[in-house]
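**Q** Let me give you the structure first, and then I'll get to my questions.
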Amino acid sequence: MAEEKRRRGDRWDGKLMRNVDGMHFVMPIVWPNRTDNEAYISEQVDLAPIRAWIAEKNALPENQEFPFTFFHLVVVALLKTITLRPHLNRFIADYKLYQRNFVSASFVVKKRFADDSEEGLARVEAGADDNIFTLHQQLFSQISFARREDVKDSTSDAMDMFARLPRFLSQNALKFVCYLERKGKCPRSFT
């Protein structure tokens, strides 16, 4: 599929949704932030087949270093769901609705399994051809990198930079970064 040409109003991370119905025009104005939403679901899932699958895969020698967990399966299921249902991959910025250009998951990783351990950020991006095994490998790579004591991810470095500034400067600098983010002009390293 050929990549669409970027048009006025598009951002590096998403395409402005044009010609949307009334509800999708009004909701970004009513709920202007990308995380404003409500979603409730009550579902019971039989985990026995999933436990059996995890045990079967983890018995294989190639999975001894980084065994499958429920967390891995949930992340993969979410990434694949969004890949297959692209309308779930929309966001709101500056009162406008955008279709995100990629599918990704970000999460916090403890460097050690201890309450006082430092934390790092990991990010996995899913392509249309990815499956549970390719995404599991990406998770292994990202989590291993985030757990390294000698390395800090770029997002944590940026946050530490703001934390070292006097409070009045860091608050104003962060407000400016948030303004740039709303407008789609924030440097990718800060996003």
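The values are calculated or read from the model by the stated rules, or taken from the named source; none is laboratory data. As the structure is a prediction and not an experimental result, all values here were calculated from the model. Every residue, glycine among them, receives a Cβ derived from its backbone with ideal geometry; neighbour counts consider all protein chains shown. Accessible surface is based on the protein model in full, side chains and every heavy atom, while ligands, DNA and RNA are left aside. Shrake-Rupley method; radii C 1.70, N 1.55, O 1.52, S 1.80 Å.
**Q** Over the chain, with every protein chain in place, what whole percent of the accessible area is carbon and sulfur at 1.4 Å, could you tell me?
**A** 57 percent
**Q** For K57, go through the aspartates and glutamates and keep the ones whose alpha-carbon is under 16 Å away, minus same-chain ones fewer than eight residues off.
**A** Result set, ordered by chain and number: E65.
**Q** Let me ask you something else. Roughly what would the spin-label model give for I29 and T134, points 7 Å off Cα along C-beta, in nm?
**A** About 4.2 nm, to one decimal.
**Q** Another question about this same structure. Roughly how many whole Å is it from the C-alpha centroid of segment 107-186 to that of segment 36-95?
**A** That distance is 20 Å.
**Q** Still on this structure: In the structure displayed, which of K5/K96; K111/K185; K5/K185; K5/K80; K111/K183 lie more than 29 Å apart, Cα to Cα?
**A** Listed pairs above 29 Å: K111/K185; K111/K183.
**Q** Now for a different question. Lys and Arg at +1, Asp and Glu at -1: add these up for the other residues within a Cβ distance under 9 Å of D13 and post the number. Walk me through the numbers before you get to the answer.
**A** Details: positive: R11, R100, R188; negative: none.
My count for the surroundings of D13 gives +3.
**Q** For R100, R51, what's the largest-to-smallest order of accessible area, 1.4 Å probe?
**A** R51, R100
**Q** Pairs of Cα atoms under 8 Å, at least six residues apart: use those to get the relative contact order of the chain, whole percent.
**A** Relative CO of the chain lands at 20 percent.
**Q** On alpha-carbon atoms, Rg over Rh for segment 57-191 using Kirkwood Rh?
**A** Checking Rg against Rh, the ratio lands at 1.02.
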